[in-house]
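Novice: One structure coming up, written as structure tokens, with questions to follow.
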Amino acid sequence: MTVHVLVGTSPADAARRAELAALADELDAELAFLQLASPSLGVVLERLARSGKTEVVLVGVSGGLGGPGVSWLRRVAADWWRAFGDGAPRVSTAPAFMEETSQWRALVELARPITHGGPGLTSAAWEDVPEHRHQVFVCRGPRCTAAGAEPAWKGVVLGLMGAGLGDDDVLVTQTGCQFPCNHAPVVTVQPDDVWYGGVDEEAAGAIVSQHLVAGVPVERLRLPRRRKD
């Protein structure tokens, strides 16, 4: 019996877990994620393998900015397949991400089986700690997500792109709860130790242009910071 797995790949997919769970039910598929949400793809593949399933087809979706290419889904799956070893089910991946439900059947039929472990999950390019001068943490806890953390995240990413700043300048990281939830969505900038609240997409753009580019924190958005001695 073939088991189909719908795989969320981007940070945005983690934020719409309930929506994807309903879609997976509609498609009679399992649900897994590459990042920021459970169950992870590895956990789902392990469970299916241990339960004796012999064929698994993975179809990815991607919710937008910050998601990996479709090749990354295959790379992660191939690494798991290699590590599991003898007895691993036949695992196939669709050649493209699903954008509309109507594409499901065609993508399943076009899925290609994994026949070797691929390049693995390490690379010389990922050996060193990056040289960024700032790291921006966008809270994606439940309250911040409900209050609009995704537009805040997009505002940061698009603002940085517009300013010509990449990961070597500013590294953007999505996090779990950062705690001052009454001020959601919360964004923090390190190592400056500056905390911002009520960050919508427009405010995120101001944080980029005024703080990350010009070096001046946006006082109207800044939250008081008390530290223990």
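Novice: If a residue has to be open to solvent by less than 40 Å² (accessible area, probe 1.4 Å), of a type in the set (Phe, Trp, Tyr) and over 23 Å from the mean Cα position of the chain (by Cα) to count, how many in the stretch 80-109 make the cut?
Specialist: Of the residues in the stretch 80-109, 0 are open to solvent by less than 40 Å² (accessible area, probe 1.4 Å), of a type in the set (Phe, Trp, Tyr) and over 23 Å from the mean Cα position of the chain (by Cα).
Novice: I would also like to ask the following. Give the stretch 1-28 a look and list any residue that's more than 21 Å from the chain's Cα centre (by Cα) and of a type in the set (A, V, I, L, M, F, W, C), or say none.
Specialist: Those that are more than 21 Å from the chain's Cα centre (by Cα) and of a type in the set (A, V, I, L, M, F, W, C): MET1, VAL3, LEU27.
Novice: Restrict the check to the stretch 42-61 and report whether at least one residue is more than 21 Å from the chain's Cα centre (by Cα), surrounded by 16 or more Cβ atoms within 10 Å (Cβ to Cβ) and among the basic types (Lys, Arg).
Specialist: yes
Novice: To continue, here is another question. If I filter the stretch 193-214 for residues that are within 19 Å of GLY67 (Cβ to Cβ), open to solvent by less than 50 Å² (accessible area, probe 1.4 Å) and not in a helix (DSSP H, G or I), do I get at least one hit?
Specialist: no
Novice: Which one of VAL172, VAL138, VAL108 is farther than 25 Å from ARG75 by Cα, touching a residue at least 12 places away in the same chain (Cβ under 8 Å), out of contact with any Lys or Arg (no Cβ under 7 Å at 6 or more places or on another chain) and not in a loop (DSSP other than H, G, I, E, B)? I'd like the intermediate steps shown before the answer.
Specialist: Numbers: VAL172 fails: farther than 25 Å from ARG75 by Cα; VAL108 fails: farther than 25 Å from ARG75 by Cα.
Only one candidate qualifies: VAL138.
Novice: Restricting the stretch 110-150 to residues that are among the basic types (Lys, Arg), under 20 Å from THR173 (Cα atoms) and open to solvent by 100 Å² or more (accessible area, probe 1.4 Å), which is modelled with the lowest pLDDT? Before you say what the answer is, go through the steps one by one.
Specialist: Step one: filter the stretch 110-150 for residues among the basic types (Lys, Arg), giving 112, 133, 140, 143.
So of that shortlist, the ones also under 20 Å from THR173 (Cα atoms) come out as 133, 140, 143.
Right, trim to open to solvent by 100 Å² or more (accessible area, probe 1.4 Å) and you get 133, 143.
Working: ARG133: 97, ARG143: 94.
Among them, the one singled out is ARG143.
Novice: Now, a different point. With the checklist (1) among the β-branched types (Val, Ile, Thr); (2) outside any loop (DSSP other than H, G, I, E, B); (3) within 26 Å of GLY42 (Cα to Cα) in hand, flag the one item VAL129 doesn't pass.
Specialist: (2)
Novice: To continue, here is another question. Against the definition (among the small types (Gly, Ala, Ser), over 19 Å from LEU48 (Cα atoms) and not in a helix (DSSP H, G or I)), how does GLY67 come out, yes or no?
Specialist: yes
Novice: Mind checking which residues of the stretch 175-192 are under 16 Å from ARG227 (Cα atoms), more than 22 Å from the chain's Cα centre (by Cα) and open to solvent by 50 Å² or more (accessible area, probe 1.4 Å)?
Specialist: PRO191, ASP192
Novice: Among the residues of the stretch 146-159, is any without any contact (Cβ under 8 Å) to a residue 24 or more places away in the chain and over 18 Å from GLN35 (Cβ atoms)?
Specialist: Let us first name the residues in the stretch 146-159 that are without any contact (Cβ under 8 Å) to a residue 24 or more places away in the chain, namely none.
Checked the stretch 146-159: no residue is without any contact (Cβ under 8 Å) to a residue 24 or more places away in the chain and over 18 Å from GLN35 (Cβ atoms).
Novice: Could you go through the stretch 90-99 and let me know if any residue there is closer than 21 Å to PRO11 by Cβ, of a type in the set (Asp, Glu) and assigned to a loop (DSSP other than H, G, I, E, B).
Specialist: Within the stretch 90-99, one or more residues are closer than 21 Å to PRO11 by Cβ, of a type in the set (Asp, Glu) and assigned to a loop (DSSP other than H, G, I, E, B).
Novice: Considering only the stretch 215-229, state which residues are more than 20 Å from HIS132 (Cα to Cα), aliphatic (A, V, I, L, M) and in a loop (DSSP other than H, G, I, E, B).
Specialist: The answer is VAL218, LEU223.
The values are calculated or read from the model by the stated rules, or taken from the named source; none is laboratory data. Just so it is clear, the structure is predicted and the values come from calculations on it, not from any experiment. So basically every Cβ, Gly included, is an ideal-geometry build from the backbone, and we count neighbours across all protein chains shown. Quick note on the areas: whole protein, heavy atoms, side chains included, nothing else; ligands and nucleic acids left out. Shrake-Rupley method; radii C 1.70, N 1.55, O 1.52, S 1.80 Å.
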